[in-house]
Structure formats: C-alpha cells, structure tokens
1. For the list (1) more than 14 Å from the ligand (Cβ to nearest atom); (2) among the aromatic types (Phe, Trp, Tyr); (3) closer than 23 Å to GLU141 by Cβ, I need the number of the one condition that TYR97 fails.
2. From the list ASP168, ASP187, ASP114, exactly one residue is closer than 23 Å to GLN243 by Cα and surrounded by fewer than 17 Cβ atoms within 10 Å (Cβ to Cβ). Which is it?
3. Taking the range 57-85, which residues are in contact with a Phe, Trp or Tyr (Cβ under 7 Å, 6 or more places away or on another chain) and either within 16 Å of the ligand (Cβ to nearest atom) or among the aromatic types (Phe, Trp, Tyr) (or both)?
4. Residues that are over 29 Å from VAL48 (Cα atoms) and free of Cβ contacts under 8 Å to residues at least 12 places away in the same chain: does the range 245-256 have at least one?
5. Please enumerate the residues belonging to the range 210-221 that are open to solvent by less than 40 Å² (accessible area, probe 1.4 Å) and in contact with a helix residue (DSSP H, G or I) (Cβ under 9 Å, 6 or more places away or on another chain).
6. Which residue out of THR171, THR155 is at pLDDT below 95 and among the hydroxyl-bearing types (Ser, Thr, Tyr)?
7. Looking only at the range 180-198, decide whether some residue is of a type in the set (Lys, Arg), free of Cβ contacts under 8 Å to residues at least 60 places away in the same chain and in contact with a strand residue (DSSP E or B) (Cβ under 8 Å, 6 or more places away or on another chain).
8. Count, please, the residues in the range 138-152 that happen to be surrounded by 24 or more Cβ atoms within 10 Å (Cβ to Cβ) and within 9 Å of the ligand (Cβ to nearest atom).
Amino acid sequence: MNDDSADANLRERIPTAIYSTAKDASAVVAREISDVICSRNAEGNSTVLGLATGSTPTGVYQELARLHKEESLSFAKVRTFNLDEYYGLGPTHPESYAAFMERHLFSKVDIPSDAAVVPDGTVPREEVSAYCESYEKSILEAGGIDIQVLGIGRTGHIGFNEPGSGRDSRTRLVELDALTRADAAQDFLGEENVPPYAITMGVGTILDARKVFLLAWGTPKAAILAKAVEDSISEALPASFLQEHKDANVLVDEAAAAELSRHRHP
Ligand code: GLP
C-alpha cells in the first residue's frame, strides 16, 4: 500500500489505497466484511450488505466464499440488497444480475434465499415506481446498509446512476448511457441485445450506507477513477458524490491508480 504522500492526500478527496493486485485489495475488502459479519453474528444481530455486479467485485465474492468454506464464516444472518438489475431480465436470463449473484456468491454461502435480494427486472412498467419505493422501504426495514460494495463504470456511474443522476436520487428506472451499453455488448453478444433500461438504487440510497468500498482495477478505469477522487463533485460524474460520504474508501490496483496526481506528478 502507498497512500502516505501529503500532496496526494490534498488532491484525493476520498481516502484511496493502492494495492499491487486486485486480488490483494479484494482480500482486504472481504476480510473487513467478514469481521463485521462475525461481530454481528456474535451479538445475534444481522448484517446488511449492499452488493454490486460486474467483473470488479468477483474477487471479493470468491474470497467470501472461501472464508465461508474454510473459516466457517456464516451468512445465515446476513441480508443483501443488490444495486441494480437490467430492466426486462428475469433471474433465469444468464446475463441478469440475479443470475450473476447466484453464480458468484449466493450459491456458495449459507445465505437464506429470501435474504438475498436483487431488484426485480420483470416488474410491469406501471408498477415500477411503487416497486422502487418498496425496495427502498425494505432496505430501511432491514436497518439500512452496513457495507456497500461498488464498482465504477467508465461513464463514472455507480450502480446504474449515469451522468445526470442527482445527489438525492433514489431507486428508480433509468436509461443506460451509450458507453455503458457498448461496454456490456460483449456479455450480450452484441450491443443491440443490451437492455436499454435498468432499475438501480439511487445516489442517495448509496450514500445512506454506513460504509462504502469503491473498487477499480485495470487501465480502462484509471482516468474516470482519478476524476471521481480528485475533481469537484458533479452530477456529470455520479461517483464523485462519494466525496461527501463520511466513510467511503477507494481501493485500486496499480493500473487503475495510474492517472491519480500522485502518479502523474509525483
Ligand atoms: C455495470 C454495473 C456497475 C458496475 C459496472 C462496472 O454497469 N451496473 O455496478 O460497477 O458495470 O463493471 P465492471 O466491474 O465489469 O467493470
């Protein structure tokens, strides 16, 4: 880790830790999550996690599954709420985020199936807004999110909060940015197959989490990550709202850190 430069601390508006590899950083996040779950379990209390999809958090999920298997980490009292889902996709669609979560985490740990919630992409159009309100209510009734895991899209989105998403936005139906659809094209075997809309938690929903980890790996994320961490807060870059959070933490590998000022102007 290399986060001790005074200059860097001035420019970086979210505490940022740089790791040699994504695997190292993922292990740190998984361990922090595991520590919270263990202490809550010991008190007989539940832990509420906010979870993300995409390639970024898979190492965290792999490590959590390992901790479950090898260190008896129990998810029996854990509740999870996923950030988003493509609108129109149900859990049987292989590219749905519900299927993604099942493959990468839920099927590998002892979380009760009704405790692992992903927004329902199949809600009829006229019921979406009531559904989104009920999603917010379920999070509140669970006690609010203790730890939120986030990746970042190349548009600067968190969840599917594309540029233009406000600080106080809540769970809602959104239209995906062209760059986001292009980035997803490979998964859907062509951009024309990428759903144009999604249901996503809002920026305000995310900022309500008590602790946030924003993860970014690899060169393609370097430029947007540096802007999110160092530029002024703006709706044009929704991830920049994390600068307002009291306990937001950025973890990056060396490649994703390359555009930070401490690297460009050491
Ligand atoms: C999608 C998800 C985001 C995720 C982003 C980055 O757009 N909705 O939550 O952060 O992809 O994906 P990846 O981690 O594959 O780079």
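1. (1)
2. ASP168
3. Across the range 57-85, the qualifying residues are ASN82, ASP84, GLU85.
4. No, the conditions are met nowhere in the range 245-256.
5. VAL212, PHE213, LEU214, LEU215, ALA216, GLY218
6. After ruling out the rest, the residue left standing is THR155.
7. So far as the range 180-198 goes, no, none of its residues is of a type in the set (Lys, Arg), free of Cβ contacts under 8 Å to residues at least 60 places away in the same chain and in contact with a strand residue (DSSP E or B) (Cβ under 8 Å, 6 or more places away or on another chain).
8. 2
The values are calculated or read from the model by the stated rules, or taken from the named source; none is laboratory data. Since this is a predicted model, take the numbers as computed values, not measurements. Please note: Cβ atoms are built from the backbone with ideal geometry, for glycine as well, and neighbour counts cover all protein chains shown. Just the protein is used for accessible areas: all its heavy atoms, side chains included, with ligands, DNA and RNA removed. Shrake-Rupley method; radii C 1.70, N 1.55, O 1.52, S 1.80 Å.
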